[in-house]
Amino acid sequence: MSILNFRKTDFIPEEFSRQKIVIAVDGPAASGKGTLAQKMAKRLGYAHLDSGALYRAVAMTALEIGADPSSFQEVQPALNIVLRNLTPELLSCPDLRTPEVSDAASKVSAIPEVRAALLQHQRDFAANLPAYVGGVVIDGRDIGTVVCPNADIKFFVTASVEERARRRFLELQSEHKEATFEQVLADLSARDLRDTTRKVAPLVAATDAYILDTTKLNPAETLDETIAVIRSKFLSESGDVAKPVQKAV
């Protein structure tokens, strides 16, 4: 959980800062939603939960015990292990970010029983924040539609699959991991298909989400865009004058 000092005068009026604000950030793999959520939480002084890390932890554990990540019967022991040992250290483990775990996580996350087991943990996290924390930013693929459908504000972060593949390829190169751009593109395309067509909680933008296309935006520009949306929303609800912010396209 990321908790830093919140500069309430920057963005949210005092009457709203007394509430526990929930911000949902959804989007496909390598869209930049994770980086955005982390930076947003730091900027606002909010807690942060990367829901994808939960599924990655189950996937990594499943691979370690030799389980088929597509089978709940085989994954269930890994799920039980993770639920008993769910710590910040586990969720920040670098091994969660390997291509093998990423691919397995996409398969694990399509299992209804796994999603049901991790759903309550995510909701409990948002509902039981420390008194000194003003809110939470949760990123994933079904936060605004399933986990926190009543979130105060929702973002759906996307980018072209080619741009997302380019980002992931450069990331793997920087980590000295072998991969080709074509392979990364194929893997992301396959994952998009699994995420958007799964029967339970498919990847889709909430009807009231702000759509942020980051294809031509860098992380700093994306963060500025979201902060402008947040400022506009809460100033408007407080009765102050604020220039409307259109959805990014």
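Taking amide H as placed 1.01 Å from N in the peptide plane, the amide H of H48 sits under 5 Å from that of S2, V137, each at least 5 places away or on another chain. Placing unit charges on the Cβ atoms only, positive for Lys and Arg and negative for Asp and Glu, gives the chain a dipole magnitude near 480 debye about its Cα centre. As a calculated quantity, the FRET efficiency between Q183 and S232 at R0 = 41 Å, using C-beta atoms, amounts to about 0.50. Using the average count of surrounding beta-carbon atoms within 10 Å as a protection proxy, the listed peptides 66-79, 195-208 rank, highest first, as 66-79, 195-208.
In this label model, E64 and N150 are separated by 3.7 nm, measuring between points 7 Å along each Cα→Cβ vector. Using the Cβ of L63 as centre and a radius below 14 Å, the other residues enclosed give a net charge of -3, where K and R count +1 and D and E count -1. The equivalent ellipsoid that matches the C-alpha gyration tensor of the range 130-246 spans semi-axes of 31, 18, 14 angstrom, in descending order.
Here the label points at T35 and E113, each 7 Å from Cα along the C-beta direction, are separated by 3.8 nm in the simple model.
Each Cα pair under 8 Å and six or more residues apart adds its sequence gap; the mean of these over the residue count of the range 8-238 is a relative contact order of 34 percent. Take the Cα of V200, go 7 Å toward its beta carbon, and the backbone nitrogen atoms of the range 21-57 under 19 Å from that spot belong to 51-57.
Annotation for the range 116-199: chymotrypsin sites (Phe, Trp or Tyr not before Pro) lying in DSSP loop with at most 10 further Cβ atoms inside 10 Å of their Cβ are Y132. Compared with the direct C-alpha span, the chain from R123 to C93 gains 8.6 nm at full extension, assuming 0.36 nm per residue. Residues whose amide H falls under 5 Å from that of T158, counting only those 5 or more places apart or on a different chain, are L212, D213, T214, with hydrogens built in the peptide plane.
Site pair E221 and R166 shows an inter-label distance of 1.1 nm when each label is modelled 7 Å from Cα along Cα→Cβ. The range 23-156: percent of C-alpha pairs farther apart than 19 Å? Looking at the range 23-156, the distances longer than 19 Å represent 47 percent of pairs. Between A205, A67, L129, the Cα set farthest toward the positive side of the dipole of the range 8-238 (charges on each charged residue's Cβ, about the Cα centre) is that of L129.
With neighbour counts taken as other beta-carbon atoms within 10 Å, the residues R56, R84 rank, fewest first, as R84, R56.
Throughout, read-outs are computed from the coordinates displayed, never taken from laboratory work. For clarity, every value in this text was computed on a predicted model and none was experimentally measured. Note: ideal-geometry Cβ built from the backbone for every residue, glycine included; neighbour counts use all protein chains shown.
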